[in-house]
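A short worksheet on the structure shown next.
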Amino acid sequence: MSADTAITARRADFRRSVAAKVMLTPKGGIAGAYLILLVLLALFAPWIAPYPYDAQNLKIASQAPSLANWLGTDEFGRDVLSRIIYGARTSLSVSVTAISVSVFVGMALGAAAGYFGGLFDRAVTTIVDLSWSFPEILLALILVAIIGPGLHSTMFAIGIAYLAQFTRLTRAQILSLKGETYVEATINLGASHGHIVFRHLMPNALAPVIVCGMLATGDAIILEATLGFFGLGAQPPVPSWGAMMSSGSALIFKAPWIIIFPGLVVAVTVIAINLFGDALIRALDIRARLREG
Amino acid sequence: MLSYALRRLLLLVPVFFAISAIVFLIIHLVPGDPLDSLARIGSSPEQKQAIAARYGLDKPLLEQYFLWLGRLLQGDLGTAIVLRRPVADLVAQSLPYSLALGGLALLFSSVFGILAGLVAAIYKETRIDQGIMAGILFGSTLPSFWLGLLLILIFAVQLGWFPVSGARNWTALVLPVLTIGLGGTALVARVTRTAMLETAQKDFVLLLHAKGLPALRIQLRHVLRHALMPVVTILGLRIGWILGGAVTVEFVFARPGLGTLLIRGLNQHDYPVVQACLLMLAMAVMLGTLIGDLAQAAMDPRVRSALQ
């Protein structure tokens, strides 16, 4: 067996053992199972949802949960359960896409700032510190107000709102790794910047940033729901958990189930993401490194 | 200590200018000419010119910024475009509502957060600890507008204890304070618990146990005092978060505060109002962080000596 295949095998082993450590803890296992189920529901929504998300029937508008409509119907007689299942598509795709792009850009900015230092680092750090003065929800609200409502601007706004966090964390990781002996040795061996950053620094900085991104996805789901609640997110008839609650808030006295169930799904999903993230932090043993940011 | 406080205050000056520049620029990035919302439909170019001159919109951007900044430093926040009133008046009118809500919510989350964290740490790894921490995890993940609607449903509609919305008297404050406070409680409790458990590992605590002091007294008089340091920092940092939450919660409860003013300004493209609200909120975040740091320096001699 050559050295390369040995390393590949060890990597696979490590991945398997982390996955086992996360899924075998009761909290991580339940949370993981719920999240997998939610993703499957979102993917196969047309086959799973009992009704189409936009099937209106005014004869059964605002009806309480029943055998035909397990979670009741909304003001247009649409099935709340079906809309929640389709809404998972919107909420998950918006938050996951936004956070992925944000993590990617944040890592690039943070790594460049931490590695090269100098004026660029000063500029990045200053902007990051300044954006700290605006809470994420405010930043997102204003960005959406500027670009106009809709799913794309929601994604953009969420991505920008969390960018500072990932930039800061990556920069801190790179700075602390830069002083390690093996990096100094690589520099002295005459390695190029690209080789040092991509081969040695980034792989070691990756885990905390990814986990932080995973936890931020939970916050992003709440942020997406909040923007949707203000009518700034998904536009009708696209179902999203926030938009469902927005239209339901007018009927809170008459048909409270329209807002209760989507909110409950948001809460449970965010709890599952937090529990899963916690289990991941424990399995990877990176709690101390997450605090550096 | 005093010199440190002064130095920190002075450092806020450049930050203030940077934030004011950002706030000024954000509004000018909005697509659409501010003139369109000022001038009546069908205005002639000359009329538009006159309006532009009156609001100073015909000058270069940099000059506009310095003019705006100059007026700002004199306490003149401009005139609201839609509401046609001085923005300073609007802000002065809504600020007390937001301050009352934010202040009480902060007080609520400090008191109950520290209490919950304390109890959880004393009974660590028992049912009580697990129950408190599970409840807190649940409370911290609820979207605040949803929690607000739920509280309205239970306590205002079903039980009729508190008004659904508005700000007529103090009872109208209860539900909004609960809504924001519950979210903050979670974080404070978690930080308190972690800090208490970490402090309990220290040598001086071992010594206190060796001296034969009662365990509860050690926890309350010695461990808690040390553990409060990070809590104070978090509380300072959380002021911004509480204000951000206040924006949504004020909207849900139709409270005439800064958040409601901001949302209305955003919806009506009333730039001077949005600028003023943003500036106030950002300044509050900065001051919150500063107060947190100063409180920590006042409480902890080690931080003070490190600053000298």
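Once the Kirkwood radius over Cα pairs is known for segment B:170-258, the Stokes-Einstein relation at 10 °C and 1.306 mPa s delivers a diffusion coefficient of 104 µm²/s. With θ taken as phi - 60° and the Karplus curve 6.51 cos²θ - 1.76 cosθ + 1.60 applied, the whole-hertz 3J(HN,Hα) list for segment A:190-197 is x, 5, 6, 4, x, 4, 5, 5 Hz, x standing for glycine and proline. Counts of other chain beta carbons within 10 angstrom of each beta carbon in peptide A:274-281 average 1.
When the inverse distances between all different Cα atoms of segment A:28-91 are averaged and flipped, the Kirkwood radius reads 12.3 angstrom.
Database remark: amide H of B:T79 closer than 5 angstrom to the amide H of B:V87 (H placed geometrically; neighbours at sequence offset of 5 or more, or on other chains; Pro and chain starts carry no H).
Computed from Cα positions, the angle between helix B:2-28 and the longest principal axis of chain B comes to roughly 40 degrees.
Note on segment A:213-274 and segment B:64-127: Cα centroid distance 25 Å, given to the nearest whole angstrom. For segment A:95-293, the dipole from Cβ point charges (+1 on Lys and Arg, -1 on Asp and Glu) about the Cα centre works out to 60 debye, to the nearest 20.
Helix content alone sets the calculated 222 nm mean residue ellipticity of chain A: runs of n ≥ 4 DSSP H residues at -39500 (n - 2.57) each, divided across all residues, give -24500 deg cm²/dmol. In summary, the helical segments of chain A meeting the span-like criteria, namely a full DSSP H run, a Cα extent along the axis of 30 angstrom or more and a mean Kyte-Doolittle hydropathy of at least -0.5, are A:3-24, A:80-116, A:151-178, A:202-229, A:257-284. Over all other residues within a Cβ to Cβ distance under 14 Å of B:L2, the charged ones net out to +3, with Lys and Arg as +1 and Asp and Glu as -1.
Stokes-Einstein D for the protein assembly as shown at 20 °C, 1.002 mPa s, Kirkwood Rh over Cα pairs, in µm²/s? The Stokes-Einstein estimate is 81 µm²/s.
For segment A:185-293, applying the loop criterion from DSSP together with a ceiling of 16 other beta carbons within 10 Å to the chymotrypsin sites (Phe, Trp or Tyr not before Pro) yields A:F253. Between the residues B:L115, B:V157, A:A55, the greatest Cα displacement towards the positive end of the dipole of the protein assembly as shown, with unit charges on the Cβ of Lys, Arg, Asp and Glu, is found for B:L115. Rounded to the nearest 20, the size of the Cβ-charge dipole of segment B:95-307 about its Cα centre is 500 debye, with Lys and Arg at +1 and Asp and Glu at -1. In plain terms, chain A is cut at each of the GluC sites (Glu not before Pro) found in a DSSP loop with at most 15 other Cβ atoms within 10 Å, and the longest leftover piece is A:1-179. Taking every C-alpha pair closer than 8 Å and separated by at least 6 residues, the mean separation divided by the residue count of chain A gives a relative contact order of 24 percent. In this calculation the C-beta distance from B:N267 to A:H195 is compared with R0 = 35 Å, giving a FRET efficiency of 0.10.
For segment B:54-203, averaging the sequence separation of C-alpha pairs within contact (under 8 Å, six or more residues apart) and dividing by the residue count gives a relative contact order of 29 percent.
Per residue of peptide B:243-249, the mean number of Cβ atoms on other chains within 10 Å of the residue Cβ is 4. Seen against the Cα atoms of chain B and their longest principal axis, helix B:87-122 is set at about 20 degrees. Partners of B:K59 within straight-line reach, counting lysines whose Cα lies under 17 Å from its Cα and excluding those fewer than 8 residues away in the same chain: B:K48. Between the exposed loop cleavage positions of chain B, defined as chymotrypsin sites (Phe, Trp or Tyr not before Pro) in a non-H, G, I, E, B DSSP state with at most 13 neighbouring beta-carbon atoms within 10 angstrom, the longest gap is B:1-160. In the protein assembly as shown, taking the dipole from charged Cβ atoms about the Cα centre, the farthest positive-side position among B:M283, B:H222, A:P149 is held by B:H222. Each 10 Å bin, from zero up to the one with the longest distance, holds this percent of the alpha carbon pairs of segment B:107-256: 11, 34, 28, 17, 7, 2. Magnitude of the charge dipole for the protein assembly as shown, about its Cα centre and with charges confined to Cβ atoms of Lys, Arg (+1) and Asp, Glu (-1), is about 1220 debye. Take every pair of alpha-carbon atoms less than 8 Å apart whose residues are at least six positions apart; their mean separation over the length of segment A:38-120 yields a relative contact order of 26 percent.
First check a/c for segment A:1-128, with a ≥ b ≥ c the square roots of the eigenvalues of its C-alpha gyration tensor; if it is under 1.5, answer rounded, and if not, answer prolate when a/b is larger than b/c or oblate otherwise. Verdict is oblate for segment A:1-128.
Counting only lysines at least 8 places from B:K202 when in the same chain, those with an alpha carbon closer than 20 Å to its own are B:K124, B:K211. Note on A:L264 and B:F138: their simple-model spin labels are 1.2 nm apart, each label 7 Å out from Cα toward Cβ. Filter the chymotrypsin sites (Phe, Trp or Tyr not before Pro) in segment A:38-143 down to the DSSP loop ones having no more than 16 other Cβ atoms within 10 Å, then list what survives. Passing both the DSSP loop test and the Cβ count: A:F44, A:W70, A:F76.
No lab work stands behind these numbers, since they all come straight from the coordinates. Remember, predicted model here, so these are calculated numbers, not experimental data. Quick reminder, even Gly has a Cβ in these numbers, built from the backbone with ideal geometry, and neighbours come from all protein chains shown.
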